[in-house]
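The values are calculated or read from the model by the stated rules, or taken from the named source; none is laboratory data. Just so it is clear, the model here is predicted, and its values are computed rather than measured. Here the Cβ positions follow ideal geometry from the backbone for every residue, glycine too, while neighbour counts run over all protein chains shown.
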Amino acid sequence: MGTTKAKAPAKTAAASPSTSRNLPKQTFILDNGAYTMKAGYAPGLSDEEDALSACTSIPNALVKTRDNRIVIGAQLATHVTDWNEAAFRRPVEKGYIVNWEAEREIWEQSFFEEKATARNKQLRIAAPEETTLVLTESPNALPVLQRNTDEMVMEEWGFGGYARCLGPTLNAWNEIHTLFGDTLAAKSESDIQPADCLLVVDSGYSHTTVTPVYKGQALQRAVRRLDIGGKHLTNYLKEIVSMRQYNMVDETYIMNEVKEAVCFVSNDFTGDMERTWKANRKRQAEESVVVDFVLPDPNAGKKGFMRPHDPLLHAKKKKGALSGLSAEVLSEDVLVLGNERFAVPELLFTPGDIGMKQAGIPDMILESLSVLPAGLHAALLANVLVVGGNAAIPGFMERLETELRQIASSDCVVRVRRASDPVRSTWLGGARLACNREELGRVAITRQEYQEHGSGWAGRRFANTI
Amino acid sequence: MFRVELLPHSGAAAQPGWTYVADRGFDPSKAAMAPTLGRKRGIRDAGKGGDISSRRANAIIRHLAELDRENQSDVQIPVPVKQAKEAGSRGTRAKTTSNVRRILQSQKTFRNHLDDEEAAIAAGGGGVSATVGGGTMTAAAAKASRAAIAARRSSTPATVPSAPASKKKRTAPTATATSTPTPAPSQPETTDAEAEDETSERKPKLIKTENDNDPLLRSYAPTMPSDRIMQRLLAEPPLSYNASRAGPPISARPPRAFCCMCGYWGKIRCKSCHLRTCGLECYRVHEDSRCGAFF
């Protein structure tokens, strides 16, 4: 222990005069999520709105459409109109970049395309050797995969500078105090520092992690992961709907749209369950949670949408034209969603519902705290930040705060906040870290250093052991 | 003598999920599996002592693997072949190194990598994981995953074995965490009222009353750990992938069962396949068309 501790300051001392140790001025932040990549050049000091305009979300997938075309990354938004039976290949598995063959293709197309187009104007990395790359990774990555990542970044593209950071820790660099409503005197804008104590709950596509962050660094022993993310919720909804209504097993994209449109986290599970029970439905139709989702019709160029449930729709359709419905309404396919709306996101809080032997998010937070000194508990519980796509599910925050309040010690204040833009919050944190050149110089390595010491050294450097 | 044990597996295809294990004499805990019960019932209710049957465990594992899939069916989506013109544009960059070639050609999935990693850890912290853990905590991190799970709950000097569910325990003064009583680092965003009671200079507007020194009203909020402890905590290497998985829930709520047809509470259980339904209406549909068990 003593040796590492003695070494660490020596290293920073040696590094800080040469902070600009040929670390390129331009910084490119890439939050490489399993579902979307959030990418863009660090915009320098600016307020949140301006900074986020520099960030672009690109789907991180190869898609094979029904007519056997293969569409990559950013083209998905423009080149695909018919999402029926679209199949996905994602290079990021379980939150970690596994398949570099596919990932290289997506990166090449998004960032390194030769001819400048309107789309990649913001994102094009014309000269990697004059760019510092800040790349995020999920906690507890396998060392093999980390090493592969380092080798690809430095040997395939040859970035001038490179920092591989733990995604959740970057959130500490955001303006946490304003978010939590703390008024701080003497807030110096010139010197961007990370928040002291922050508990980041990152609920993404592949999993949900809890990371206590102390002064911008993760407390590794307390990082915990629940293996449920947006993907599982979509698949679960798909499975339920296929069992009860139409066969949707090949319609991942459409079911994801349905999930985003209708799902909510219930704050009264039993009550909502009674409200959606088929025998009760007729009695209290007006306050029911049951909704209809009209499936998209690519032939007519119509998108899917949600509308209040019409219990008589089925009967009317049977009568056909006699009922006075327009042909448009008669041709549409409707999913009726009742308890599916809240039973699906419920998995994040009660994984036991599908037989999983893991704790829900509130229990996981306490489990994470239980291995930390008691003195930290109050500070961490008072600063719980939720990021990731699932944070956008309505009711998520209220439920988390209520449950956490119930199980946390009554001595502690519990404050749970959602980042203002939960999906791009990590990217934004990276952009703010890039403004602090000294800190960036401490975490990043240069191309020259990599060439001198190799990937094993780079791995140890990012793991903070040198 | 041998007996047969049913193993949980996550494969999508039905495989014979059993193995021969050596049976070493009479074991009262396994007496429930005596052959007098009949072969099938033994399989069905293998762990009757409070645990779910191995068939149910298998079904859950398969279901979870199903939920983890990207696509329903296995589709091959090849990376499109580049046109020669575009491929030529690579010329500006350095040649592909052997590392890059190896990584690009690797067809390993995450599962393969994880298995490799676990094998390396089980072999005594060898493999790539040894390069990462350089600190003193490596020994704890590099144990087999089962041991690591135990180790993560261990209380090294820096931790307090606090059970967060019980409030009684927390109010007791914790001596371990504050072995070196140094002033707590400034914690401006902490709004914990009790924590700030002791360092009252931060809150100048505190009202003074005669009850301030009342032992009954005293706060026993633990102080922030010292800088030295924080440095040690920060220097720890990451846990392994399996060790960082969240454990079972703290509050032991009874598991909820849902109707497999409509999603309402599962009140009755199918006598042949043990799936739940909410009432006779759903049960009849289930029995007519869905119930796949014949024994």
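If a residue has to be more than 7 Å from chain B (Cβ to nearest Cβ) and among the aliphatic types (A, V, I, L, M) to count, how many in the stretch A:373-384 make the cut?
Of all residues in the stretch A:373-384, those more than 7 Å from chain B (Cβ to nearest Cβ) come to A:377, A:380-381, A:384.
Narrowing the set further to residues that are among the aliphatic types (A, V, I, L, M) leaves A:380-381, A:384.
Of the residues in that region, 3 qualify.
Which residue pairs have Cβ atoms closer than 8 Å, lie 6 or more positions apart in sequence or on different chains, and pair a first residue in the stretch A:398-411 that is touching a residue at least 12 places away in the same chain (Cβ under 8 Å) with a second residue that is among the basic types (K, R) and part of a helix (DSSP H, G or I)?
A:S409/B:K167; A:S409/B:R170; A:D411/B:K167; A:D411/B:R170
Report, by residue number, each residue of the stretch A:67-118 that is free of Cβ contacts under 8 Å to residues at least 60 places away in the same chain, farther than 21 Å from B:V81 by Cα and within 12 Å of chain B (Cβ to nearest Cβ).
A:Y96
Does A:V153 meet the test of being among the hydrophobic types (A, V, I, L, M, F, W, C), assigned to a helix (DSSP H, G or I) and free of Cβ contacts under 8 Å to residues at least 24 places away in the same chain?
Numbers: among the hydrophobic types (A, V, I, L, M, F, W, C): yes; assigned to a helix (DSSP H, G or I): yes; free of Cβ contacts under 8 Å to residues at least 24 places away in the same chain: yes.
Yes; evaluated as a whole, the condition is true for this residue.
I need the full set of residues from the stretch B:87-109 which are in a helix (DSSP H, G or I), modelled with pLDDT under 70 and surrounded by 12 or more Cβ atoms within 10 Å (Cβ to Cβ), in order please. Walk me through it before giving the result.
Applying the first criterion (in a helix (DSSP H, G or I)) to the stretch B:87-109 yields B:87-92, B:98-105.
Filter once more, keeping what is modelled with pLDDT under 70: B:87-92.
Correct list: B:S89, B:R90.
Name the helices (runs of 4 or more DSSP H) wholly inside the stretch A:355-417 in which the number of residues that are among the hydroxyl-bearing types (S, T, Y) and assigned by TED's automatic domain parsing to the domain that holds A:T208 is 1 or more.
Values: elements: A:361-369, A:374-381, A:396-407.
Hits in the stretch A:355-417: A:361-369, A:396-407.
For (1) more than 30 Å from A:H232 (Cβ to Cβ); (2) at pLDDT below 85; (3) facing chain B (nearest Cβ under 9 Å); (4) buried (at least 24 other Cβ atoms within 10 Å of the Cβ), each residue gets a yes or a no:
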| site | (1), (2), (3), (4) |
| --- | --- |
| A:N120 | yes, yes, no, no |
| A:E129 | yes, no, no, no |
| A:P139 | no, no, yes, yes |
| A:G181 | yes, yes, no, no |
| A:P194 | yes, yes, no, no |
| A:S203 | no, no, no, yes |
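What residue, of A:T208, A:T149, A:T169, is touching a strand residue (DSSP E or B) at 6+ places or on another chain (Cβ under 9 Å) and farther than 24 Å from B:R111 by Cβ? If you could, list the steps in order and put the result at the bottom.
Values: A:T208 fails: farther than 24 Å from B:R111 by Cβ; A:T149 fails: farther than 24 Å from B:R111 by Cβ.
After ruling out the rest, the residue left standing is A:T169.
Quick check on the stretch A:418-466: of everything there that is in a loop (DSSP other than H, G, I, E, B) and within 14 Å of chain B (Cβ to nearest Cβ), which residue is surrounded by the fewest Cβ atoms within 10 Å (Cβ to Cβ)? Outline the logic, then answer.
As a first pass, look at the stretch A:418-466 and keep what is in a loop (DSSP other than H, G, I, E, B): A:419-424, A:436, A:444, A:463-466.
After this cut, where a residue has to be within 14 Å of chain B (Cβ to nearest Cβ) as well, the list is A:463-466.
Details: A:A463: 19, A:N464: 20, A:T465: 18, A:I466: 15.
Only one residue tops the list, namely A:I466.
Is it the case, given these coordinates, that B:R228 is farther than 30 Å from A:T276 by Cα, among the basic types (K, R) and either in a loop (DSSP other than H, G, I, E, B) or at pLDDT 85 or above (or both)?
Details: farther than 30 Å from A:T276 by Cα: yes; among the basic types (K, R): yes; either in a loop (DSSP other than H, G, I, E, B) or at pLDDT 85 or above (or both): yes.
So B:R228 passes the test.
Results for (1) closer than 30 Å to B:D227 by Cβ; (2) modelled with pLDDT of 90 or more; (3) over 31 Å from the mean Cα position of the chain (by Cα); (4) more than 7 Å from chain B (Cβ to nearest Cβ), shown as yes or no for each residue.
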site: A:M306; (1), (2), (3), (4): no, no, no, yes
site: A:E332; (1), (2), (3), (4): no, no, yes, yes
site: A:L335; (1), (2), (3), (4): no, no, no, yes
site: A:D353; (1), (2), (3), (4): no, no, no, no
site: A:Q358; (1), (2), (3), (4): no, no, no, no
site: A:I365; (1), (2), (3), (4): yes, yes, no, yes
site: A:V386; (1), (2), (3), (4): yes, yes, no, yes
site: A:A391; (1), (2), (3), (4): no, yes, no, yes
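Is it fair to say A:K64 is surrounded by 22 or more Cβ atoms within 10 Å (Cβ to Cβ), within 13 Å of chain B (Cβ to nearest Cβ) and of a type in the set (K, R)?
Numbers: surrounded by 22 or more Cβ atoms within 10 Å (Cβ to Cβ): no; within 13 Å of chain B (Cβ to nearest Cβ): yes; of a type in the set (K, R): yes.
The answer is no for A:K64.
For the stretch B:269-290, name all the residues that are in contact (Cβ under 8 Å) with a residue 24 or more places away in the chain and under 33 Å from the mean Cα position of the chain (by Cα). Working first, answer last.
Initially, the stretch B:269-290 is screened for residues in contact (Cβ under 8 Å) with a residue 24 or more places away in the chain, giving B:274, B:285-286, B:290.
Passing the criteria: B:H274, B:R290.
How about the stretch A:308-354: which of its residues are in a loop (DSSP other than H, G, I, E, B) and closer than 20 Å to A:E274 by Cα?
Here is the first cut: in the stretch A:308-354, the residues in a loop (DSSP other than H, G, I, E, B) are A:309-312, A:324-326, A:332-333, A:338-339, A:344, A:349-350.
A:H309, A:D310, A:P311, A:G338, A:N339, A:V344, A:F349, A:T350, listed by residue number.
For the structure I just gave you, tell me whether A:D31 is modelled with pLDDT of 80 or more and touching a Pro at 6+ places or on another chain (Cβ under 8 Å). Let's see the steps before the verdict.
Numbers: modelled with pLDDT of 80 or more: yes; touching a Pro at 6+ places or on another chain (Cβ under 8 Å): no.
Against the criterion (modelled with pLDDT of 80 or more and touching a Pro at 6+ places or on another chain (Cβ under 8 Å)), A:D31 does not qualify.
Would the stretch B:247-268 turn up any residue that is among the basic types (K, R), outside any loop (DSSP other than H, G, I, E, B) and touching a residue at least 12 places away in the same chain (Cβ under 8 Å)?
Here is the first cut: in the stretch B:247-268, the ones among the basic types (K, R) are B:253, B:256, B:267.
Checking the rest, the ones that are also outside any loop (DSSP other than H, G, I, E, B) come to none.
Checked the stretch B:247-268: no residue is among the basic types (K, R), outside any loop (DSSP other than H, G, I, E, B) and touching a residue at least 12 places away in the same chain (Cβ under 8 Å).
I need a count of the residues in the stretch B:244-259 that are more than 17 Å from A:T270 (Cα to Cα) and either surrounded by 15 or more Cβ atoms within 10 Å (Cβ to Cβ) or of a type in the set (S, T, Y) (or both). Even if it seems obvious, please write down each step before you answer.
If we filter the stretch B:244-259 for residues that are more than 17 Å from A:T270 (Cα to Cα), which is where we start, we get B:244-252.
If we keep only those that are either surrounded by 15 or more Cβ atoms within 10 Å (Cβ to Cβ) or of a type in the set (S, T, Y) (or both) as well, we get B:244-247, B:249-251.
The total comes to 7.
All but one of (1) part of a loop (DSSP other than H, G, I, E, B); (2) modelled with pLDDT of 50 or more; (3) more than 7 Å from chain A (Cβ to nearest Cβ); (4) closer than 23 Å to A:V98 by Cβ hold for B:G124; state the number of the condition that does not hold.
Of the numbered conditions (1) part of a loop (DSSP other than H, G, I, E, B); (2) modelled with pLDDT of 50 or more; (3) more than 7 Å from chain A (Cβ to nearest Cβ); (4) closer than 23 Å to A:V98 by Cβ, the odd one out for B:G124 is (4).
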